[in-house]
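Here the structure is laid out as structure tokens; the discussion comes afterwards.
The values are calculated or read from the model by the stated rules, or taken from the named source; none is laboratory data. Source: prediction; values computed, not measured. Here the Cβ positions follow ideal geometry from the backbone for every residue, glycine too, while neighbour counts run over all protein chains shown. Note: accessible area is taken over every heavy atom of the protein model, side chains too, but ligands, DNA and RNA are not part of it. Shrake-Rupley method; radii C 1.70, N 1.55, O 1.52, S 1.80 Å.
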Amino acid sequence: MQRDKFFKEVENVIHPNETLVKTHCAYCGMQCGMNLRVNRATNKIIGVEPRYDWPVTVGKMCPKGVTAYQQTNHDDRILKPLIRDDASLKGTKEGFREASWNEAYDLIVKKFSELQNKYGKDSLSVFSGVSMTNEKCYLTGKFARVALGTRYIDYNGRFCMSSAAGGFLRSFGVDRGSTLPWTDIHETDCLFIAGSNTAECHPTSMFRVWNVQERGGYIIVVDPRETPIARRADVHLDLKPGTDLALANGILNLLIQKGYADKEFINNHTNGFEETKELVKEFTPEYTSELTGVAPEKIIRAAEIYGKAPNAVVMFARGIEQQHKGVDNVSGYTNMALVTGKIGRPKSGVATFTGQGNGQGGREHGQKADLLPGYRKITNPKHVEEVCKVWKITPEEMPQPGVSAYEMFELMEQKTIRGLYLLCSNPAVSAPNLNFVRSAMKNLDFMLCSDFYLSESAEFADVILPSVTWSEDEGTVTNLEGRIIKINKAQEPIGESKPDWQIQVELAERLGRGKYFSYLKTAKDIADEFRLASKGGYADYYGATWDKIDKQDGVFWPCKDENDKGTPHMFLDKKFYHADGKAKICALPYRPPAEEPDEKYPLRLTTGRVVYHYLSGNQTRRIQFLRDMCPEPYVEVHPETAKIYNMEHEERVRLFTRRGEAIYKVKITEAIRKDTVFVPYHFGHEQSINLLTIAALDPISRMPEYKACAAQLEKVEIKKVQ
Amino acid sequence: MKKRLYLELENCIGCRSCLAACTQCGGHEERNRNYVYDVNPMVNRQTMPLMCLHCVNPACARSCPAQAIQIHETGAVLSALVEKCIGCQNCTIACPYGIPKFDTEQNLMYKCDLCIDRTKDSIPPMCASVCPSNTLQWLTDEEIENKKKQFNLDNGKWVTSIPYLEGETNVKVNLPGILQGITKLF
Ligand code: SF4
Ligand code: SF4
Ligand code: SF4
């Protein structure tokens, strides 16, 4: 496969009595290659060794990756099924007792059957995640539809990648997170990066990012904060949170006005240009500046650099996607590439930084309320028929589409949904408007949670099943490039823990649906069925056999058959996936954030990650090194703002919105806008910033607006002890 | 081929992966041995690693009354020998960069040994292996020469062009500001 200039032939150090198992990181979409060190006497994972031979990351890892191995044999692992008999203890860690698998399964089957008999099939729901293999993601979708027969399945990608998916589908007719491989990134001439704190959230992209500047190229960063990448950017567009679409329209207008539009490309390969051109005319640098708070000169300079660059890549992440116009933001920034024709060739294109390890693969194969394997639509009879053939059910048996992740909690509150099977996710920390979400979870008649640690969400469960970490199972994931890669098993599951796919097969058998599941005895069996189920879909994995993945250092989808090497670069033939083969340039009217600052709530609250933690922190908060580096959340405040509120560095203050409040330490920094405050979201219970965030959903992706709402700060009176 | 640790301070993103990885080297007893500083945390997000520079004539070793700090044939200045270190802490004061750390429980100095387990065979040390931003690199002298040329030495930012704090070092450092000398592509 491609070996670029960063690749060096290096031999690994193998200590006596140790074996190295090649695999990838447990966490983000970078999926850095790593070797797990396994002690041959104990057969336990004891450490990590770089994987210099992985072409994307050449041995590099962030501190999460370096310490990821510490999850496997961690003291906090759940080793046996847990049952809680006293429902009044829901929402706490209390009252769980150890049980046998048989007792736990019996109870689950009894409760599930009772609920479905009394309230119908759809009274059960499945809430899953994409920090697990394609095989598990695929089987979870099948389990919900075939074993439980419920329409209500959705997943945490709604809080992560759904806006990118919606935007790409609209612009290109296909949703592959990156139109080009990461090994192209450092060779481009301009990176336009919007709403991505790349250095903290996808750190191992940074050696490529910096190399663009080292070669004399440019980096443009759009972010309300001066993140480590913004600090060194050639242009930092420091916009108000939630105003991206105005900026995208403003830049597009300048690109057109200044003659950077590629007429030939537009005419031959796109629709929608004229209409869009008219719409963005209004977005002069001055008007754009008024809406976004970015100086007009900077907007002009950014457009000029992007326009002039022979090759350029537009990149973005949750900053622009976690808004109630996230899909429009994605299409808005994607317009830049379509209007200038900087797409469909090496070193140019569009990419999103996928958040979760399998954020790409996990959204393609049927965990989403309206999707079936291979990116098929559950509302399309032909698609349903194709999948039914593989699943050996009739189209009549296929449930209807369900609702999105946040909307499932609304249905729990209304008692439409009465039972929940939660896996691979921690919505009690990661969902927005948590006071509501936590009360909805409490309101359930029965909740099953499968996890390897007792997460904040597991605290709401009646039964907890011990699942395995990524290192105790095998399967494929699809990284942020759209490259299907292989996760390998380095250790046997500890205690009585089992992989989620095995749990689902065993549960299905007990639910009387064994004939659809029992033959799936290994992850490989599932892989083979899943490839077949994806065959002929947009996200066609049929040709991506484990063997080929190993030989080729991964396979980029689509990969249709045995001889297909896969598709590292999308659209090289300038054919997009809409029926007429053209891409869509989208005319997108600007909308402000759902909740704008006012007198009572004058500040803009935005949230995000730190380099030391992953998502809800359920995993990383337990790792000593990471906890030492970032033990608690804080609120970033500009010194001038802090002065107005008379607040000192490290003082504890109350931050509140219309939905909730929390106490945080103040971190004073000039690296943020004066009208904006920032809090990282990795923390549980009363420290969760999502107690404050707003559940304004994008009309297409149903993504909540995590990135912008109105807030207020207040000093905390310290009551003197009498 | 002899390789050296090379630091390009401008690149650091403060992830502290170098520190996490330091614990992974055999013989490091899972303790990290270097430092990453926030340069001016209330102002911006600039950070930089402070690594042992493996001085050619190291003050730490010179100051040691017990000859506990040995210099490896590769030039790496090793951690104190357990059987020789008397716990006087002279080295922690002598080092101009404050590198050696002290374990009060074991009454023993410990410091970066440049992952001698690895670097003796020219395998990159853990910090440079994982550093996501290429702040820490493991390069041949020729590659370092090329870096010098690329980064326009006249801007005075190449550390070997300014007087040393403590004599010549085996580790080569490139101070922040190097990008100022780069010619833009367009
Ligand atoms: S968290 Fe992401 S960047 Fe860090 S090591 Fe894991 S995959 Fe790589
Ligand atoms: S690993 Fe590299 S980027 Fe991260 S703190 Fe260390 S030197 Fe800086
Ligand atoms: S930097 Fe300090 S500890 Fe390292 S060799 Fe020089 S004097 Fe010794």
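For the condition under 24 Å from B:Leu19 (Cα atoms) and more than 16 Å from ligand 2 (Cβ to nearest atom), what is the one hit in B:Ala59, B:Ala66?
Values: B:Ala66 fails: under 24 Å from B:Leu19 (Cα atoms).
Sole residue among the options that is under 24 Å from B:Leu19 (Cα atoms) and more than 16 Å from ligand 2 (Cβ to nearest atom): B:Ala59.
Between A:Asp223, A:Asp244, which is more than 19 Å from A:Gly307 (Cα to Cα) and of a type outside the set (Ser, Thr, Tyr)?
Numbers: A:Asp244 fails: more than 19 Å from A:Gly307 (Cα to Cα).
Answer to the check: A:Asp223.
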remark   = Within the stretch A:247-261, residues surrounded by 18 or more Cβ atoms within 10 Å (Cβ to Cβ) and not small (Gly, Ala, Ser) come out as A:Leu247, A:Asn249, A:Ile251, A:Leu252, A:Asn253, A:Leu254, A:Leu255, A:Ile256, A:Tyr260
request  = Return a yes/no flag: does the stretch B:32-46 have any residue that is surrounded by fewer than 20 Cβ atoms within 10 Å (Cβ to Cβ), within 18 Å of A:Glu49 (Cα to Cα) and in contact (Cβ under 8 Å) with a residue 24 or more places away in the chain.
outcome  = no
Long-range neighbours under 6 Å by Cβ, at least six apart or interchain, first residue at pLDDT 55 or above within the stretch B:161-174, second part of a helix (DSSP H, G or I) and loosely packed, with under 11 Cβ neighbours inside 10 Å = none
note = Among the residues of the stretch B:100-116, the number that are of a type in the set (Ser, Thr, Tyr) and part of a loop (DSSP other than H, G, I, E, B) is 1
inquiry  = Return the residues of the stretch A:35-55 that are free of Cβ contacts under 8 Å to residues at least 60 places away in the same chain and outside any loop (DSSP other than H, G, I, E, B); say none if nothing qualifies.
reply    = A:Asn35, A:Arg37, A:Asn39, A:Ile46, A:Gly47, A:Val48, A:Glu49, A:Pro50
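Could you list, in sequence order, all residues of the stretch A:10-34 that are more than 11 Å from chain B (Cβ to nearest Cβ) and without any contact (Cβ under 8 Å) to a residue 24 or more places away in the chain? Step through it out loud before you land on a result.
Step one: filter the stretch A:10-34 for residues more than 11 Å from chain B (Cβ to nearest Cβ), giving A:17, A:19-29, A:31, A:33.
A:Thr19, the sole residue that qualifies.
Here is a yes/no grid of residues against (1) open to solvent by 20 Å² or more (accessible area, probe 1.4 Å); (2) within 14 Å of chain B (Cβ to nearest Cβ); (3) in a helix (DSSP H, G or I); (4) out of contact with any Leu (no Cβ under 8 Å at 6 or more places or on another chain):
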position: A:Lys298; (1), (2), (3), (4): yes, no, yes, no
position: A:Gly307; (1), (2), (3), (4): no, yes, yes, no
position: A:Gln323; (1), (2), (3), (4): no, no, no, yes
position: A:Gly332; (1), (2), (3), (4): no, no, yes, no
inquiry  = Conditions first: (1) open to solvent by 10 Å² or more (accessible area, probe 1.4 Å); (2) within 16 Å of ligand 2 (Cβ to nearest atom). A:Ala41 passes all but one, so which condition is the exception?
reply    = (2)
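Listed here are the residues, each with its yes/no results for (1) in a helix (DSSP H, G or I); (2) surrounded by fewer than 22 Cβ atoms within 10 Å (Cβ to Cβ).
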site	(1), (2)
A:Gln213	yes, yes
A:Ile220	no, no
A:Ala230	yes, no
A:Leu245	yes, no
A:Thr276	yes, no
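Would you mind stating whether A:Gly33 is buried (at least 21 other Cβ atoms within 10 Å of the Cβ), under 22 Å from B:Thr23 (Cβ atoms) and near ligand 1 (Cβ under 10 Å from one of its atoms)? Let's see the steps before the verdict.
On the way: buried (at least 21 other Cβ atoms within 10 Å of the Cβ): yes; under 22 Å from B:Thr23 (Cβ atoms): yes; near ligand 1 (Cβ under 10 Å from one of its atoms): yes.
Yes, satisfied.
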key: Residues of the stretch A:651-678 that turn out to be part of a loop (DSSP other than H, G, I, E, B), away from every other protein chain (no Cβ under 11 Å) and touching a strand residue (DSSP E or B) at 6+ places or on another chain (Cβ under 7 Å), as a count   = 3
task = Name the single residue, out of those in the stretch B:50-59 being part of a loop (DSSP other than H, G, I, E, B) and open to solvent by less than 20 Å² (accessible area, probe 1.4 Å), that is farthest from the other protein chains (Cβ to nearest Cβ).
result = B:Pro58
message = Consider the stretch B:60-85. How many of its residues are within 11 Å of ligand 3 (Cβ to nearest atom) and buried (at least 22 other Cβ atoms within 10 Å of the Cβ)?
response = 7
note = The condition of being surrounded by fewer than 24 Cβ atoms within 10 Å (Cβ to Cβ) and away from ligand 2 (no atom under 16 Å from the Cβ) holds, among A:Gly149, A:Gly141, A:Gly129, only for A:Gly149
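Here is a check on your reading of the model: is A:Tyr664 among the hydroxyl-bearing types (Ser, Thr, Tyr), at pLDDT 95 or above and open to solvent by 20 Å² or more (accessible area, probe 1.4 Å)? I'd like the intermediate steps shown before the answer.
Numbers: among the hydroxyl-bearing types (Ser, Thr, Tyr): yes; at pLDDT 95 or above: yes; open to solvent by 20 Å² or more (accessible area, probe 1.4 Å): no.
So A:Tyr664 does not fit the description; no.
Take the stretch B:1-49 and flag every residue that is facing chain A (nearest Cβ under 8 Å) and assigned to a strand (DSSP E or B). Break it down into steps so the answer makes sense when it comes.
Our first condition is that a residue be facing chain A (nearest Cβ under 8 Å); within the stretch B:1-49, this holds for B:10-11, B:13-17, B:19-21, B:23-24, B:26, B:41-47.
Selection gives B:Thr47 alone.
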query = Would the stretch A:179-193 turn up any residue that is in contact with a helix residue (DSSP H, G or I) (Cβ under 6 Å, 6 or more places away or on another chain), without any contact (Cβ under 8 Å) to a residue 24 or more places away in the chain and within 14 Å of another protein chain (Cβ to nearest Cβ)?
reply = no
Of the criteria (1) assigned to a helix (DSSP H, G or I); (2) at pLDDT below 95, which one A:Asp550 fails = (2)
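Would you check if there is a residue in the stretch B:9-28 being open to solvent by 50 Å² or more (accessible area, probe 1.4 Å) and in contact with a strand residue (DSSP E or B) (Cβ under 7 Å, 6 or more places away or on another chain)?
The initial filter retains those residues of the stretch B:9-28 that are open to solvent by 50 Å² or more (accessible area, probe 1.4 Å), namely B:27.
Of the ones still in play, those that are also in contact with a strand residue (DSSP E or B) (Cβ under 7 Å, 6 or more places away or on another chain) are none.
Within the stretch B:9-28, not a single residue is open to solvent by 50 Å² or more (accessible area, probe 1.4 Å) and in contact with a strand residue (DSSP E or B) (Cβ under 7 Å, 6 or more places away or on another chain).
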ask   = Using beta carbons and a limit of 6 Å, which pairs, at least six apart or on different chains, have the first residue in the stretch B:12-28 and within 16 Å of A:Gln70 (Cα to Cα) and the second one more than 16 Å from ligand 3 (Cβ to nearest atom) and among the aromatic types (Phe, Trp, Tyr)?
value = B:Ala20/A:Phe625
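Looking at A:Arg151, A:Arg176, which is the one that is over 20 Å from A:Ala583 (Cβ atoms) and either in a helix (DSSP H, G or I) or of a type outside the set (Ser, Thr, Tyr) (or both)? Give the derivation first.
On the way: A:Arg176 fails: over 20 Å from A:Ala583 (Cβ atoms).
That would be A:Arg151, the only listed residue that is over 20 Å from A:Ala583 (Cβ atoms) and either in a helix (DSSP H, G or I) or of a type outside the set (Ser, Thr, Tyr) (or both).
Kindly check whether there is at least one residue in the stretch B:23-34 that is within 16 Å of ligand 1 (Cβ to nearest atom) and of a type outside the set (A, V, I, L, M, F, W, C).
Initially, the stretch B:23-34 is screened for residues within 16 Å of ligand 1 (Cβ to nearest atom), giving B:23-24.
Keeping just the survivors that are of a type outside the set (A, V, I, L, M, F, W, C) gives B:23-24.
For the stretch B:23-34, residues within 16 Å of ligand 1 (Cβ to nearest atom) and of a type outside the set (A, V, I, L, M, F, W, C): present.
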inquiry  = Take A:Glu200 and tell me if it is surrounded by fewer than 24 Cβ atoms within 10 Å (Cβ to Cβ), within 13 Å of chain B (Cβ to nearest Cβ) and either under 30 Å from A:Asp698 (Cα atoms) or of a type in the set (Phe, Trp, Tyr) (or both).
reply    = yes
task = Go through A:Glu94, A:Glu103, A:Glu135 for me and flag whichever is surrounded by fewer than 20 Cβ atoms within 10 Å (Cβ to Cβ) and in a helix (DSSP H, G or I).
result = A:Glu103
inquiry  = Can you list residue pairs whose Cβ atoms sit under 6 Å apart, with the first residue in the stretch A:389-407 being among the hydroxyl-bearing types (Ser, Thr, Tyr) and the second being assigned to a helix (DSSP H, G or I)? Count only pairs 6 or more apart in sequence or on different chains.
reply    = A:Ser404/A:Arg158
message = For the stretch B:117-149, give me each residue that is in a helix (DSSP H, G or I), crowded, with 16+ Cβ neighbours inside 10 Å and either basic (Lys, Arg) or more than 8 Å from every other protein chain (Cβ to nearest Cβ) (or both).
response = B:Arg118, B:Thr119, B:Cys127, B:Ala128, B:Ile144, B:Lys147
